[in-house]
Amino acid sequence: MTTLIIAPGPLVGTTAVPADKSITHRSLLFAAIAEGESRVRNYLDGGDCRATLGVVRRLGVQVDESSAGEWRIHGRGLHGLQEPEEALDCVNSGTTARLLAGLMAGQPFHSVIVGSEQLRKRPMRRVVEPLRMMGADIAGRDGGRLLPLSFRGGAISGIDYEMPVASAQVKSCLLLAGMFAAGLTVVREPGPARDHTERMLAAMGAPVRRLGSALSIEQPRQPLTPLDITVPGDFSSAAFLLAAAAVVPDSDLHLTEVGVNPTRRGLLDALIEMGAEVSMDNWGEAVGEPTGDLHVRPGHLQAITLGGADIVTLIDELPVFAVLATQAHGTTVVKDAAELRVKETDRIATTVEELRKLGARIEATPDGFVVEGPTKLVGARVHSHGDHRLTMALAVAGMMAEGVTAIEEAECVSDSFPGFERVLARLGANLS
Ligand code: S3P
């Protein structure tokens, strides 16, 4: 078990961030059902995406990893996946489990989806219920609310489904199932959940269409075209470095080629609203996704209120936003974020519990938290709860807390940000 020990100090310099986790998962799953060889460069080699890699291999897909950091994924076409002889292990990855459920629902074979102790606690009913409406034959623990889930395989039909929560995982699950269903599948979303799936599937020639907040898909008449992509940097990983540089005195940080898809960059908008000194240049595009270089320096932050449909655009960034809020002047309120309670951990409870150990004035509410600031944080021994994003948020807090902060069981950062410590060290962080 690794303890991350960190003392105050600025982040200075220029760095790239690891590749986008959401896009990496999708590139494996979508390339698996494309016709021919896909090439994926700069993929994320983290724990969650390795789980997806293992799963597609179990479905008979050959994936070669070159030493130059490229995957060659030998797609088996829409109807070429093989019945897996063993369970499909998603380890800690909720994205893998939920997207895979959509893919398995429409296959003509039996499959079983399993996961780690952490993943076995996370809700699956959100995908099982609509998939059963489509006619999928699914059995699972607690009536299909929890993993393991088993799919008998068979014919499914399109539905018109209004999602009760804004979730890219549910949306993507149903779009995948929709490509194997008879008739049209329509998914209506209550908020702008990340749209990588529809961007990538459209680029591969799938018949996916958007009309306002509704998406439709049907069985493709042509095979899906293989991918040839370079995955952009993950905004969700950049967020920790951005947040640190926005509050730790004397920081001056440049992040290169970060994905800045509007459905992902809610934290950037929040930082700007709080008065942080952030700018963006060198706009580009990768996989039909906007990218940019970000420059951030410490600013005088004001408290803000976050809530409503836009919460989904920074849902993964809310633990580190809580750290930012401890340094903002006034009362910061986060509401409409009950989804945080069903992430890798109950991120409302774990963020509040751990930040309080550092002296933060933060209170949990049923659907978010309230923070009073600014507060001088004081280093302490804190715990990761096995949650990568909480761990990195605590590291940001440690970069400004007086004295030393020790984060226990910090190895989970590699689920999404392998090399986190190395990047921090290169930027001058005070690690020991
Ligand atoms: C993800 C979607 C989000 C996010 C997760 C990755 C994805 O979850 O929290 O880290 O890649 O689709 P929900 O869509 O379930 O909110």
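The values are calculated or read from the model by the stated rules, or taken from the named source; none is laboratory data. Not measured: the values here are computed from a predicted model. Note: ideal-geometry Cβ built from the backbone for every residue, glycine included; neighbour counts use all protein chains shown. When the accessible area is computed, the model is the full protein with side chains, heavy atoms only, and any ligands, DNA or RNA have been set aside. Shrake-Rupley method; radii C 1.70, N 1.55, O 1.52, S 1.80 Å.
Determine which member of the set Thr14, Thr52, Thr24 is of a type in the set (Ser, Thr, Tyr) and open to solvent by 10 Å² or more (accessible area, probe 1.4 Å).
Working: Thr52 fails: open to solvent by 10 Å² or more (accessible area, probe 1.4 Å); Thr24 fails: open to solvent by 10 Å² or more (accessible area, probe 1.4 Å).
Checking each option against the conditions leaves just Thr14.
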| Among Val371, Val423, which is the only one that is farther than 28 Å from Thr24 by Cβ and not hydroxyl-bearing (Ser, Thr, Tyr)? | Val371
| said: Scan the stretch 55-64 and tell me whether some residue there is open to solvent by 10 Å² or more (accessible area, probe 1.4 Å) and of a type in the set (S, T, N, Q). | reply: yes
| Of all residues making up the stretch 143-159, the number that are within 16 Å of the ligand (Cβ to nearest atom) and part of a loop (DSSP other than H, G, I, E, B) | 1
| field | Number of the condition not met by His74 [criteria: (1) open to solvent by 10 Å² or more (accessible area, probe 1.4 Å); (2) part of a helix (DSSP H, G or I); (3) at negative phi] | value | (2)
| task | Please give the number of the condition His329 fails out of (1) more than 16 Å from the ligand (Cβ to nearest atom); (2) in contact with a Ser or Thr (Cβ under 8 Å, 6 or more places away or on another chain). | result | (2)
| query | Of (1) closer than 26 Å to Gly233 by Cα; (2) within 16 Å of the ligand (Cβ to nearest atom); (3) in contact with a His (Cβ under 7 Å, 6 or more places away or on another chain), His295 satisfies all except one. Which? | reply | (2)
| query | Taking the stretch 2-31 only, how many residues are hydrophobic (A, V, I, L, M, F, W, C), in contact (Cβ under 8 Å) with a residue 60 or more places away in the chain and either assigned to a helix (DSSP H, G or I) or farther than 27 Å from Gly379 by Cα (or both)? | reply | 6
| Any residue at all in the stretch 396-418 that is in the same structural domain as Ser251 (by TED's automatic domain parsing), surrounded by fewer than 23 Cβ atoms within 10 Å (Cβ to Cβ) and of a type in the set (A, V, I, L, M)? | yes
| task | Please indicate, with yes or no, whether at least one residue in the stretch 120-142 is under 26 Å from Ile217 (Cα atoms), small (Gly, Ala, Ser), within 16 Å of the ligand (Cβ to nearest atom) and out of contact with any Pro (no Cβ under 6 Å at 6 or more places or on another chain). | result | no
| query | Val323 passes all but one of (1) away from the ligand (no atom under 12 Å from the Cβ); (2) in contact with a strand residue (DSSP E or B) (Cβ under 7 Å, 6 or more places away or on another chain); (3) closer than 24 Å to Ser279 by Cβ; which number fails? | reply | (2)
| said: I need every pair where a residue in the stretch 335-350 that is more than 12 Å from Phe369 (Cα to Cα) has its Cβ under 6 Å from the Cβ of a residue that is away from the ligand (no atom under 14 Å from the Cβ) and outside any helix (DSSP H, G or I), sequence separation at least 6 or different chains. | reply: Thr345/His385
| Yes/no for Ala380 being open to solvent by less than 10 Å² (accessible area, probe 1.4 Å) and not hydroxyl-bearing (Ser, Thr, Tyr) | no
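Name the strands (runs of 3 or more DSSP E) wholly inside the stretch 173-270 in which the number of residues that are over 21 Å from the mean Cα position of the chain (by Cα) and in contact (Cβ under 8 Å) with a residue 24 or more places away in the chain is 3 or more. It would help to see each step written out before you state the result.
Working: elements: 185-188, 209-211, 214-217, 228-230, 252-259.
Passing ranges, in order: 214-217, 252-259.
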| Name the pairs: first residue in the stretch 308-328 and more than 12 Å from Leu267 (Cα to Cα) and assigned by TED's automatic domain parsing to the domain that holds Arg389, second residue more than 10 Å from the ligand (Cβ to nearest atom) and in a helix (DSSP H, G or I), Cβ to Cβ under 6 Å, at least 6 apart or on different chains? | Val323/Ala393; Val323/Val396; Val323/Ala397; Gln327/Val247; Ala328/Met274
| note | Output for Cβ contacts, cut-off 7 Å, separation at least six or different chains, first residue at pLDDT below 95 in the stretch 277-298, second among the β-branched types (Val, Ile, Thr) and open to solvent by 50 Å² or more (accessible area, probe 1.4 Å), reads Ala286/Thr230
| remark: Across the stretch 369-413, the tally of residues that are touching a residue at least 60 places away in the same chain (Cβ under 8 Å) and of a type in the set (Ser, Thr, Tyr) stands at 2
| message | Looking for something closer than 29 Å to His254 by Cα and crowded, with 16+ Cβ neighbours inside 10 Å - is there at least one such residue anywhere in the stretch 361-370? | response | no
| Quick one: would you say Gly299 is at positive phi, open to solvent by less than 50 Å² (accessible area, probe 1.4 Å) and part of a loop (DSSP other than H, G, I, E, B)? | no
| query | Which residues, counting only those in the stretch 106-119, are away from the ligand (no atom under 16 Å from the Cβ), within 26 Å of the chain's Cα centre (by Cα) and among the hydrophobic types (A, V, I, L, M, F, W, C)? | reply | Val112, Val114
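Kindly establish whether Arg347 is farther than 16 Å from Met399 by Cα and open to solvent by 30 Å² or more (accessible area, probe 1.4 Å).
Spelling it out, it is not the case that Arg347 is farther than 16 Å from Met399 by Cα and open to solvent by 30 Å² or more (accessible area, probe 1.4 Å).
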| Matching residues, the stretch 77-94, being open to solvent by less than 20 Å² (accessible area, probe 1.4 Å) and in contact with a helix residue (DSSP H, G or I) (Cβ under 6 Å, 6 or more places away or on another chain) | Pro84, Leu88, Cys90, Ser93
